[in-house]
Each structure stands twice: as structure tokens, then as C-alpha cells.
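Here the structure comes first, spelled out in C-alpha cells, and everything after it is commentary.
The values are calculated or read from the model by the stated rules, or taken from the named source; none is laboratory data. The shown structure was predicted, so the numbers you read here are calculated from the model rather than taken from an experiment. Here the Cβ positions follow ideal geometry from the backbone for every residue, glycine too, while neighbour counts run over all protein chains shown. Only protein heavy atoms, including side chains, enter the accessible area calculation; ligands, DNA and RNA are left aside. Shrake-Rupley method; radii C 1.70, N 1.55, O 1.52, S 1.80 Å.
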Amino acid sequence: MNPRKDLLDIQSLTDEEITFVLENAVPFKDLFRRSVKKVPTLKGRTMLTLFYEPSTRTRSSFEVAASRLSADVTHFDVESSSVVKGESVLDTVETLEAMRVDYIVVRHKQAGIPNLIAKNTAASVINAGDGWHAHPTQALLDGFTLREVFKDTRGARCLIVGDIQHSRVARSTSLLLRRLGMNMAYLAPGSLMPREVPQEVAQFGNWTDALEWKPDVVYLLRVQSERLEEPFFPSAAEYHKNYGLTDARVQILRERGIYLMHPGPVNRGVEITDKGMDYERSLINAQVENGIAVRMSVLYWLRPGA
Amino acid sequence: MNPRKDLLDIQSLTDEEITFVLENAVPFKDLFRRSVKKVPTLKGRTMLTLFYEPSTRTRSSFEVAASRLSADVTHFDVESSSVVKGESVLDTVETLEAMRVDYIVVRHKQAGIPNLIAKNTAASVINAGDGWHAHPTQALLDGFTLREVFKDTRGARCLIVGDIQHSRVARSTSLLLRRLGMNMAYLAPGSLMPREVPQEVAQFGNWTDALEWKPDVVYLLRVQSERLEEPFFPSAAEYHKNYGLTDARVQILRERGIYLMHPGPVNRGVEITDKGMDYERSLINAQVENGIAVRMSVLYWLRPGA
Amino acid sequence: MNPRKDLLDIQSLTDEEITFVLENAVPFKDLFRRSVKKVPTLKGRTMLTLFYEPSTRTRSSFEVAASRLSADVTHFDVESSSVVKGESVLDTVETLEAMRVDYIVVRHKQAGIPNLIAKNTAASVINAGDGWHAHPTQALLDGFTLREVFKDTRGARCLIVGDIQHSRVARSTSLLLRRLGMNMAYLAPGSLMPREVPQEVAQFGNWTDALEWKPDVVYLLRVQSERLEEPFFPSAAEYHKNYGLTDARVQILRERGIYLMHPGPVNRGVEITDKGMDYERSLINAQVENGIAVRMSVLYWLRPGA
């Protein structure tokens, strides 16, 4: 396995690398059961967060992951000042490069920005979400979570539900789960289904057809509130009725033993009901915990300067 | 002494627990005289701050306390994103629970939120102020400060002045000081005196009567600036004249050797004058320093998962 | 060399102190080539940032410097709360003093505030920029950068270009470089040239004359965007044409082997062109890296409580 500097998307990963990250996350997760949840692995290294879009959860998850590896964490607060001063992304990256930070965790609303940054720094760059493009640590934590549930993920069936078209989560997670041998399907309104879906991914327009496909896992995407105001998007109530996990649909999942996932945070009453949140086969909290373990594993795996 | 998971209010504490926290704060405070102000006690633990109301001072005090115990600190920045995304408190808590943080320090404008959170997490929850309800670490640091001043707090007399009705500080500190055997009195305009004051707490409507009660300590409450705009609240000038510590009243305190306290930050010209801030028996700075020592002691005492 | 508590400006430094800071920054910078970029020098000390003006870069530079010395860092978030509550600077300082922090890094738009703070605390105060007055760590990092470039700085010639009148960088850096034996000149529009320039500093109103002075280094100042709206200030385009580093002027620098500096972040198209940013003798990134090393050296040198 060659050393790798950056984690930008799922496509470029080898099977060996995916396995390495997922398997090494296991002992990191075991650490969370101890009172001292920390190892000295990255002592003296600095991880910097560079979030052009706010995200409390993802940023905190990376921060806790770095702390548990004994790395130092710095938040480069783009919003408060540099952007106001009109500084370009590349000028910011030159600065970070000169600061000799070891890891840069980037979120940006524009696809491709993490790749651009990675080319211009010796630091390891981790894409924490760029536009509709990719969110590879989300995909890896989703894969880790399903490997915990299924002894063998090969042949397991996952249905992703929602705004597939604008979802970097759908894109990255779908790719990763297929790499783990899973069968994938999408359920979305026609206006939110991507034009080009890989042939091996099944497509559905309603729950009845989708459930006949016999999924083992239903993965709900988050409805972005800004979308609800767009003309081609259904209203929250309409979305819930047609694509949300209503109480009746929770009952179907229960009867069939289907697992439930969501990248968080949920919109109660839109993607899911209160009862859905209490569903006993929900993996949503497991996803959060596994997110820290997988991000520790990613930081452990990448090689700044490689 | 049974292990305790959370610190939510003063009522539920046993005398033994109060004594434990106050006595163990002493060696922590001694640490501050050294150049290395740090012990490895909580190495590998994570304290997360969850502030729905901003408070630079209280948050910093907890942060420094945790750092001096070698814990890692994460600020879960509720304002920037989760609340915007409409995430409920309980969904946030499920996330934090899944992150396996050890301590959650909460401030919220609604009374009872820390209790709700505590019931839904294995982490230790520390109430850093909830509505008009409670602010137990403030009470403990106030008690610690007065134990330093009086060999024996029993029988010492403390007069709390200001907007008692809307003050969680008044509520918690008054309870704690009575547990330490002190006699309490309130001085407040009628509109800001709570309807139900415990019988053993004396009530006054003006300074002349209150000073005849012969307090050993005068504890000024902070006037919340938003209150000054409410119809039943006196103007800043009127408040100062009738309930503030004017220069003339500072002189009375000085003549009688009365100590002065305030939870900070002060409104100069409202609760207190510039001369009042320089008063030699002011304990205001001692309260700040003791706040860190007492919060270290609280973190040391609580048992996550208990 | 007597111990010194604060770093407030360049004037008050002895030659021995300047040499001490610049020479000790060398081994700290060497550290950045290692994977563990950290030494335990300031373990158990706390550095607090108190920024009344936002500055992502300077704050991050101090934060990384402190982390690499193993100090704990706390950001006292003045904007979010204390200032809203109308707290005065001195009341804030009393609080910080009571918290027993070891280092306070201050930025304020008003000149003299760091001096005021330094007089009222036992903590070491580092001025990170106060109004038009001083920015001593910028000056020291500039001096360090030029000592790396010139074996002997004595007699080397530096031309500072831009809004000299309102620049604390110009003031501090000019002083420091003269202490290192360099010759200084200013290039500025008449309205932005200070009334009283020391006799030994040459003054120019246009590039032609300034380049005839044969500078070894051109130091561009940042144009503050708020200035562009002021009546006596040239427009961005006019500024660029008359005082900016146009592509033609980059070519002159190249032909003569002149070095280029800028405190960052740059305004592309105003002070400098895209080509200027790629100029091979630019020291801008070196300034950023050296900033961390020099700030480590400053923290190592100062003695809280001295």
C-alpha cells in the first residue's frame, strides 16, 4: 500500500486502503469504552479546520478525533475575517502551508476546492464536504457502521431516499457501499433524481416499488431547508407524505427488520417522524460515534508530505 | 458518599458533597501559585461546552478549569449551525452522547434544560445557568470565597441586592450560603422581590433598613441590560440611586468592614460606582479566581456514567 | 539581560533583547521540519487571546506558536458577549488577572490599550496590533526574515510602500529594521505620508524616484478596504497604477534581484498583481512561517510577573 497524502473522494481509493481505514477504526472505537480515550499517536502534529460552510457536528467530530490522537487543533475562522478581507482560497492555503500544519480539514460549498487545496500544500487535505461532489469520511463511517451490522456486507441492499441529485452524501456513500459489495437503490422524486445514475443502481419513484426491492437498510438524506423554498422542490408536508419515513413506513421497516440511517441532523416531521427517531434498528447514533473512530483512522492513515 | 453524575442545582446536594467540593478546591487553587498550573487528573477525558446563551466569562472559566486538569475541551457551537438547522436539544444530546464526551457544560435560557439533558446522557452534565432556575457552580464559588474570609461561616450575614426575582444567582447562592449556616436577606424593589421568599430570609425595600440588619457581606446582583427597557423596571439612574452601591454607601461598608461581592461583569454606574470597584474589601476578583478552582473541584468530583 | 514582562512596542527593546528573540527563533523554526513540532517548554502555562479586532491569521499564528510550546490556549471571545454587556477593558483585565493566565495577546483598534492592560496585570502582555501605534511581533518576524536573507543586514536598503500614515506595521517594522542597521525609505501618496518622518528615512512620492534609491527589499503595505471609501484615498485602480506592484514593476524587481515582502493578506489587483504573487524572490510565505517561530521565541523570552 503506497502512502497517501489526501482524502478527497471515494473513487481514488484502492480496496486495500478502504479496508485499512475501516479495520483500523475498530481499535480506535474500542478506546471510547475506556476512561482515558486518548493515544499519543499524533502528538506534536497540528490539524487545522478550514470551514467555509458552518457545520458544528462535522467540525466537532474531527476535533474530538484529533484530540483523541493527541494532535493539536486550530480552527482557521474563515468567516470572521479573511473572507471579509477578500482573501482568495489559494492565498489562504499558501498561508496555511507556510504555517506547517499537518492536516487541513476543508468544507466548501463549491465542488473541487479541496482538490485545488491539496495540490497546493504538503499538508494532508481531508475533504469534509464540497458542494454536491463528495464527503468521503461520511461514506467511510457509513461503511464502517454497516460492517458492524452485517458480518458480510456483500449482497446487502441499501436504499437511499431523498434529494439524491444535490447530495454529496448520496454520491460518496453509494460509491463506498458498492465497493463493499452492496446493492444500491435510490428513491427520489423525478426532479431530484440525477440524470446519470450508474446502471447497477436501481431507481424508484415511490416507497411501494422501493420496498418491493427488499432493502436491508434505508438511508434517509437530510432535506436542506434552503431547498424547501425552491420551486421544483415539494413542500415539507408533501415531501414527508411521499418520501419521508412516516409512522406507517416505520412499522413496515420494523416488520421486515430493516435498518435505518441518516447523516444528521434530522428534520423531524420532514424526513422522519418522532417515532422513526425512536426506532430500535436505527443506526443514526452509531453513525455519530463511528464518525469519530473512522476520522481517527483516516488521520492515522494519511501521510502529510507523501 | 455516593458517586454523583450531574451537578444541576444546589438543593439536591448533601452536606457531605458540598464540603467535599469546597475542600478539594483548596489544593486546586494552590496550584495557581505555581508556574505549572496543571495536573494530569482528567487526561484523556473530554469536556464539551453547550452554550445556548453566550457567556465569555463562564465558558472561559470552565475551559481553563478543564485545561488545568489536562482534559480536552470542545466548544459545540450551537449558535452557528445546529439551531439554525432547527435541531432540537434532545437530538443534539443524542449526538453528544454518541460522541462519548465525558462532561457537558450547559447554559440555556430555559429552566430545566440541563436536567432534561442529564436524563438523556451518560456524560456528566453541569448546569452553567438555566433561566431563572439555578447556577450551582456560581453558588459553590461564592461559598468557597466566604469560607476563605470567615473562619466559620455559621451566623455570618449576607445581604443580596437587586433583581432577586429573575436571578438564578440569587436563588442558588442564597440556598448554598444557608447550607453553610449563614443568615440571608434580600434588598429589592417590590416588583423584583419574589412572591415566595423562605421565611428565614429577611426582606428589605431600602438600604437604610437593610443596613440596620447588620450584614457582613453585601452581594450585588447584575442588572441585565434587557430588563432596563421593561416597564416595571426602574431606569438605570433610578436603580442606582435607590438600590445601587453609591459612593456614600461604599463609605458605610468601609466603616463597618462589610465585604462586597458581585457575580460579574458589573455595570459601572448602575449596580456600583467606580469607587465601589476599588473598595478594599471587594471579593469580586477572588470570586473569579475561585471560580476556576471550584469548577476544577466539581469536574474532579463528578463521575460520568454514575 | 533583565527579565521583561511585556512586549508592547519596538522602542523599549534593548539590542540585546532583539538579538535574543531573533536568535532563539532559529531552533524553534528548525522544529517545524520534524514530524513532532512540539517542545514541552510552556507546559501548564495558559496563553489567552483578547482580540477586539478580528484577525484570523495573527490569532492563528499565536495559537500555533503556543501549542508548539505545549501551552494551553484560550480565546476570550470579546465580541460575542462582554462588549455587548458594556464591560470596560479594565474590568475585563481584572477578570483575566484573577484567572491567573500567564500570557495575554491583545489586539485593539485604539493605540495604547495593550500598555494600559500591561500595567494592570501580572500576566505577560503581547501587543498584537493597537491602532496605528505598533505591531512588534510583525516587526520581529520581518527582521528575522531579512536576517535569513542577508548575511549581514547592516546597510541593506528597505523601501516601504503604501499607507505609511495609518500603518502600525510601517511604524514597528521600520524601527526594528533600523535597529538592525538597515536603511529605510517610504513611498506613499502625499496624503498618506506621516507628517513627521525621522530624518534618516528617505521619502518618495513615485516609484521612479524610489527605485533610484536602489532598495534591496520592497515591503508593500496592505490597503485597508475601509480606507478605499475615504475621500482623500485614491481609488483601488488609481492606487494600483501609482503605488501598486504592477507587472512592469515586478519585472524591474526581478532584473535587480530585489526581495518582496507584505504582511498579508494581500489585495490582489491593488497592492500587487497575480504575477507579483508568484515572484520568485517573494518572502511573503517565509514571513508567515517565521511569524510562528518568532512568536514562540517571544513567549519563551517574556517572564510573566517580572
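Any residue that is closer than 21 Å to A:Leu116 by Cβ and touching a Ser or Thr at 6+ places or on another chain (Cβ under 6 Å) - is there at least one of those in the range A:9-26? Walk me through how you get there before you give the answer.
Pass one, the range A:9-26, residues closer than 21 Å to A:Leu116 by Cβ: A:9-13.
Filter once more, so that each one left must be touching a Ser or Thr at 6+ places or on another chain (Cβ under 6 Å): A:10.
Yes, the conditions are met somewhere in the range A:9-26.
Quick check on this structure: which one of A:Thr121, A:Thr153 is farther than 22 Å from A:Glu23 by Cβ, touching a helix residue (DSSP H, G or I) at 6+ places or on another chain (Cβ under 7 Å) and hydroxyl-bearing (Ser, Thr, Tyr)? Before the answer, list the steps.
Details: A:Thr153 fails: farther than 22 Å from A:Glu23 by Cβ.
None of the other options fit; the residue is A:Thr121.
Out of the residues in the range B:144-157 that are on the phi < 0 side of the Ramachandran plot and free of Cβ contacts under 8 Å to residues at least 60 places away in the same chain, state the one that is most open to solvent (accessible area, probe 1.4 Å). Lay out the reasoning, then the answer.
If we filter the range B:144-157 for residues that are on the phi < 0 side of the Ramachandran plot, which is where we start, we get B:144-154, B:156-157.
Adding the requirement that they be free of Cβ contacts under 8 Å to residues at least 60 places away in the same chain leaves B:151-154.
Values: B:Lys151: 214, B:Asp152: 73, B:Thr153: 13, B:Arg154: 171 Å².
Of everything passing the filter in the range B:144-157, B:Lys151 is most open to solvent (accessible area, probe 1.4 Å).
With a cut-off of at least 3 residues that are within 14 Å of another protein chain (Cβ to nearest Cβ), name the helices (runs of 4 or more DSSP H) lying wholly within the range B:243-306. Lay out the reasoning, then the answer.
On the way: elements: B:247-256, B:274-277, B:284-301.
Result: B:274-277, B:284-301.
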Quick check, is A:Lys43 in a helix (DSSP H, G or I) and of a type in the set (D, E, K, R)?
no
Mind checking whether some residue in the range C:221-233 is open to solvent by less than 30 Å² (accessible area, probe 1.4 Å), within 30 Å of C:Arg68 (Cβ to Cβ) and touching an Asp or Glu at 6+ places or on another chain (Cβ under 8 Å)?
yes
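Against the definition (in the same structural domain as C:Leu141 (by TED's automatic domain parsing), surrounded by 14 or more Cβ atoms within 10 Å (Cβ to Cβ), touching a residue at least 60 places away in the same chain (Cβ under 8 Å) and not basic (Lys, Arg)), how does C:Gly276 come out, yes or no? Even if it seems obvious, please write down each step before you answer.
On the way: in the same structural domain as C:Leu141 (by TED's automatic domain parsing): yes; surrounded by 14 or more Cβ atoms within 10 Å (Cβ to Cβ): yes; touching a residue at least 60 places away in the same chain (Cβ under 8 Å): no; not basic (Lys, Arg): yes.
Criteria not met by C:Gly276.
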Of the numbered conditions (1) open to solvent by less than 20 Å² (accessible area, probe 1.4 Å); (2) on the phi < 0 side of the Ramachandran plot; (3) in contact with a Lys or Arg (Cβ under 6 Å, 6 or more places away or on another chain); (4) of a type outside the set (Val, Ile, Thr), A:Lys38 satisfies every one except a single condition; which is it?
(1)
What pairs come out if I take residues in the range B:209-222 that are farther than 18 Å from B:Thr246 by Cβ and pair them with residues that are outside any loop (DSSP other than H, G, I, E, B) and small (Gly, Ala, Ser) whose C-beta lies under 6 Å away, six or more apart or interchain?
B:Trp213/B:Ala185; B:Trp213/B:Ala202
Spot the failing condition for C:Ser235; the list is (1) away from chain A (no Cβ under 14 Å); (2) under 30 Å from C:Thr46 (Cα atoms), and only one is missed.
(2)
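Could you say whether any residue in the range C:121-143 is within 16 Å of the chain's Cα centre (by Cα) and on the phi > 0 side of the Ramachandran plot? Can you show your working first?
Here is the first cut: in the range C:121-143, the ones within 16 Å of the chain's Cα centre (by Cα) are C:125-143.
Narrowing further to those that are on the phi > 0 side of the Ramachandran plot: C:129, C:131.
Yes, because at least one residue in the range C:121-143 is within 16 Å of the chain's Cα centre (by Cα) and on the phi > 0 side of the Ramachandran plot.
Determine if the range B:239-249 includes at least one residue that is touching a strand residue (DSSP E or B) at 6+ places or on another chain (Cβ under 8 Å) and open to solvent by 60 Å² or more (accessible area, probe 1.4 Å). Spell out how you get there, then give the answer.
Within the range B:239-249, the first condition is being touching a strand residue (DSSP E or B) at 6+ places or on another chain (Cβ under 8 Å), and the residues that meet it are B:243-245.
Still in the list and also open to solvent by 60 Å² or more (accessible area, probe 1.4 Å): none.
There is no residue in the range B:239-249 that is touching a strand residue (DSSP E or B) at 6+ places or on another chain (Cβ under 8 Å) and open to solvent by 60 Å² or more (accessible area, probe 1.4 Å).
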Of everything in the range A:62-90, what is modelled with pLDDT of 95 or more, open to solvent by 10 Å² or more (accessible area, probe 1.4 Å) and not aliphatic (A, V, I, L, M)? Give them in sequence order.
A:Glu63, A:Ser67, A:Ser70, A:Asp72
Failed condition for C:Ser167, given (1) touching an Asp or Glu at 6+ places or on another chain (Cβ under 9 Å); (2) under 24 Å from C:Ile18 (Cα atoms); (3) small (Gly, Ala, Ser):
(1)
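Looking at A:Leu140, A:Leu146, A:Leu116, A:Leu175, which one is closer than 24 Å to C:Pro265 by Cα and either in contact with a strand residue (DSSP E or B) (Cβ under 9 Å, 6 or more places away or on another chain) or not assigned by TED's automatic domain parsing to the domain that holds A:His262 (or both)? Explain how you work it out, then say what you get.
On the way: A:Leu140 fails: closer than 24 Å to C:Pro265 by Cα; A:Leu146 fails: closer than 24 Å to C:Pro265 by Cα; A:Leu175 fails: closer than 24 Å to C:Pro265 by Cα.
Only one candidate qualifies: A:Leu116.
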Return yes or no: is C:Leu42 in contact with a Leu (Cβ under 6 Å, 6 or more places away or on another chain), within 21 Å of A:Pro40 (Cβ to Cβ) and assigned by TED's automatic domain parsing to the domain that holds C:Ala111?
yes
Quick one: what pairs do we get from the range C:49-72, first residue away from chain B (no Cβ under 14 Å), second open to solvent by 20 Å² or more (accessible area, probe 1.4 Å), C-beta under 6 Å, 6+ apart or different chains?
C:Glu53/C:Lys109; C:Pro54/A:Ser80; C:Thr56/A:Asp77; C:Arg68/C:Lys38
Working only within the range A:182-198, note down all residues that are open to solvent by less than 30 Å² (accessible area, probe 1.4 Å), under 26 Å from A:Val149 (Cα atoms) and out of contact with any Cys (no Cβ under 6 Å at 6 or more places or on another chain).
A:Ala185, A:Tyr186, A:Leu187, A:Ala188
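If you take the residues in the range C:91-120 that are basic (Lys, Arg) and surrounded by fewer than 21 Cβ atoms within 10 Å (Cβ to Cβ), which one is modelled with the lowest pLDDT? Before you say what the answer is, go through the steps one by one.
Let us first name the residues in the range C:91-120 that are basic (Lys, Arg), namely C:100, C:107, C:109, C:119.
Subsequent filtering for residues that are surrounded by fewer than 21 Cβ atoms within 10 Å (Cβ to Cβ) retains C:109, C:119.
On the way: C:Lys109: 91, C:Lys119: 96.
It comes out as C:Lys109.
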Mind checking which residues of the range A:7-33 are acidic (Asp, Glu) and open to solvent by 10 Å² or more (accessible area, probe 1.4 Å)?
A:Asp9, A:Asp15, A:Glu16, A:Glu23, A:Asp30
